[in-house]
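Following: one structure in structure tokens, then a few remarks.
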Amino acid sequence: MTSPSSFYTQFLTSIDGWHLLAGTDVEVGLVPAPAATAVYANTGLRAAIESLEANFLSVANWLGGPWFWPAATAFARAHPPQEGRLFLYGDGFPEFLASLEHAQLARYTSDLAWVDWMCMRAHAAGDHLPLTATRLATLSPDALPGLRLQVAPATHWKISPAYALVELWRSAHAGRTEIEIKPQEATGVLVTRPEDSVWVHEVPLTSLHLLDALAAGQSLGDAAAHASSQEAPGRPFDLQAALSALLENGALLMPPS
Amino acid sequence: MQTTLGLSFKPQHFQQAMQAQAEGLWFEVHPENYMADGGPRPRMLEALAEHHPVALHGVSLSLAGPEPLDLQHLRRLRQLIDRVKPVRLSAHLAWSRLGARYVPDLLPAPRTRALLERVIAHIDQVQQVTGMRLALENPSHYLSLEGHEFSEPHFLNEVVRRTACSLLVDVNNLHVSAVNIHQRASDWLAEIDIEAISEIHLAGHSEDPELGPHLLIDSHDRPVSEEVLALYAALCQRIGPRPTLIEWDGAVPDLSVLWQERARVQAATPAWSFAHD
């Protein structure tokens with residue numbers, strides 16, 4: 001009699017084996033699964049792919065179905081979901097797309113996927129009260145250098161390559177794929193959720209350097225020094241501009257009173 | 001006789017659902033879709049629950065799995081329950097998790113004595129952690145497995161007896177299983193403990209693209225079939241009113257279509273009237 005644990009393992013093998021037989025290489029020893037097993041195989045795989053389509057909408061729009069579905073299918077087979085919260089499924093998808101990009105996919109796909117991923121995480125993050133410039137202004141100037149500011153749980157950031165990624169993402173997310181992609185200096189992509197809506201912003205790189213240091217637990221003074229050290233030689237460091245971009249967009253937590 | 005008639009809730013129906021007024025209306029969701037740490041998802045469900053009774057229908061508890069339940073998942077479920085205060089909690093006699101792998105489906109297992117003890121222990125744990133009585137649902141079957149030591153009704157009855165959980169009878173799953181594995185619905189219903197039935201589900205099914213009517217799929221993407229509606233009406237005639245849900249999870253139409261389906265189900269059971277939970 002099949003032991004309990006081997007039944008479950010064999011069942012998964014049978015539905016995964018159907019995947020393999022249906023489209024790609026055939027492994028020696030696998031028996032073709034009956035149609036009923038195919039129902040389980042299809043249902044699970046389709047749910048994973050549809051979750052990726054919903055969670056990475058700009059990528060799905062940018063690539064279109066004939067390109068997106070094979071990429072999503074390959075990812076779902078290689079990295080199946082690990083839990084039932086499918087609205088969070090897709091860790092590793094941007095990197096996976098980057099590994100495929102030169103082979104068959106359009107440029108910019110992995111970059112778009114990163115923005116989608118940050119939005120996905122921001123959407124589900126814990127609620128918080130954002131720190132405002134007004135609140136910060138109530139603090140004594142002497143207290144500011146030693147102030148330890150926390151990054152809001154919904155805040156995510158990434159350096160953008162040398163083109164207008166935020167503009168591209170906004171267009172692709174809205175379903176507009178026939179756009180001119182403009183080269184520009186590298187900037188920062190900042191994703192925040194000060195209330196219920198997730199926002200994607202283009203911010204100065206210094207804002208991201210500031211965030212890196214604050215997230216590492218540095219005081220505001222030390223974080224400003226770090227951000228200043230990252231500036232290009234000869235470029236003045238503008239702390240107010242760097243911090244304003246974070247405060248205006250609700251990227252930081254209101255400290256307890 | 002009065003009962004309630006609910007609909008699957010989808011986010012695109014939020015505004016219409018908030019404004020809806022109908023006797024006996026309630027909504028059901030998969031809690032997994034709302035288990036975020038914060039943000040609009042749980043807030044939306046909380047707002048809906050202030051206007052209408054909401055039930056949680058879990059799809060990833062993996063009660064029939066070989067491993068201990070996912071404690072983090074249970075904790076998140078309890079947090080959602082505390083926030084939303086659902087009127088009912090349900091899950092399936094199925095598994096979906098093995099190790100680090102989750103399969104977004106409801107997978108079958110041989111109904112052995114060992115499985116019975118595991119399911120009982122899992123349900124005891126769910127009821128203890130959530131503070132709610134769980135309604136256990138019969139899944140759709142596509143495979144005739146070997147190694148069953150119990151019929152499905154006998155297995156479910158024993159689980160009810162040992163855990164004090166209730167039963168959720170999915171009439172569409174009965175019909176689908178009757179076609180796919182020749183599990184006669186009439187025999188099943190004759191054996192099941194009808195006193196334990198706390199909820200009934202209805203849904204649409206589709207035919208396999210290759211095998212047609214010989215392999216039905218519990219697709220939840222179309223109206224309830226006439227055969228399932230007839231089975232439901234006969235069950236209602238026998239057991240009296242029970243809260244009933246019309247499931248629709250695929251190719252989800254406008255809420256107006258779901259309203260029509262609700263009216264259709266009401267017409268199939270004219271002896272019932274619908275009131276609030």
Exposure proxy ranking, count of Cβ atoms within 10 Å, fewest first, for A:51, B:62, A:99: A:99, A:51, B:62
Within a 10 angstrom radius of each residue's Cβ in B:30-37, how many Cβ atoms of other chains show up on average? Whole number is fine. 5
Distance in nm between label sites at residue A:6 and residue B:149, each 7 Å beyond Cα in the beta-carbon direction? 1.8 nm
Whole-number D in µm² s⁻¹ for the protein assembly as shown, Kirkwood Cα-pair radius fed into Stokes-Einstein, 25 °C, 0.890 mPa s: 96 µm²/s
Based on DSSP loop calls and a cut-off of at most 13 other Cβ atoms within 10 Å, the longest stretch of chain B free of exposed GluC sites (Glu not before Pro) is what? B:24-145
If you take every residue apart from residue B:147 with its C-beta less than 13 Å away from the C-beta of residue B:147, what net charge results, scoring Lys and Arg +1 and Asp and Glu -1? 0
Along the stretch B:128-142, what does the Karplus equation 6.51 cos²θ - 1.76 cosθ + 1.60 (θ = phi - 60°) give for ³J(HN,Hα), rounded to whole Hz, x for Gly and Pro? 5, 6, 7, x, 10, 7, 8, 9, 9, 9, 6, x, 6, 10, 10
Within 10 Å of each residue's Cβ, count the other Cβ atoms and sort A:219, B:256, A:171, A:160 from fewest upward. B:256, A:219, A:171, A:160
Can you tell which of B:243, B:66, B:11 shows the greatest fluctuation in a Gaussian network model of chain B with Cα springs below 10 Å? B:11
Local charge sum around residue A:161 (other residues, Cβ-Cβ under 11 Å, Lys/Arg +1, Asp/Glu -1)? 0
May I ask you to derive the FRET efficiency for residue B:20 and residue A:91 from their Cβ-Cβ distance with R0 = 41 Å, giving the value to the nearest 0.05? 0.65
Given the protein assembly as shown, what percent of its DSSP beta bridges are antiparallel, to the nearest 5? 40 percent
Provide the gained length on full extension for the span residue B:164 to residue B:101, in nm with one decimal, where the gain is 0.36 nm per separating residue minus the Cα-Cα distance. 19.6 nm
Just to verify a number: FRET efficiency for residue B:129 and residue A:54, C-beta to C-beta distance, R0 = 30 Å, to 0.05? 0.55
Per-residue ellipticity at 222 nm for chain A, helices alone: DSSP H runs ≥ 4 residues times -39500 (n - 2.57), over residue total, nearest 500 deg cm²/dmol? -16500 deg cm²/dmol
Taking B:212-225, A:37-50 and ranking on average Cβ neighbours within 10 Å, highest first, one gets A:37-50, B:212-225
Length-normalised contact order of the stretch B:176-277, Cα under 8 Å, at least 6 apart, in percent, tallies to 27 percent
Within 10 Å of each Cβ in B:38-51, the average number of Cβ atoms from other chains: 3
Under 20 Å from a point 7 Å along the Cα-to-Cβ line of residue B:186: which residues of the stretch B:235-251 have their amide N that close? B:235-240
Compare B:203, B:114, B:230 in a GNM of chain B, Cα atoms joined below 10 Å, and give the one with the largest fluctuation. B:114
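No value in this document is a laboratory result; all are computed from the given coordinates. Source: prediction; values computed, not measured. All Cβ positions, glycine included, derive from the backbone under ideal geometry; neighbour counts span all protein chains shown.
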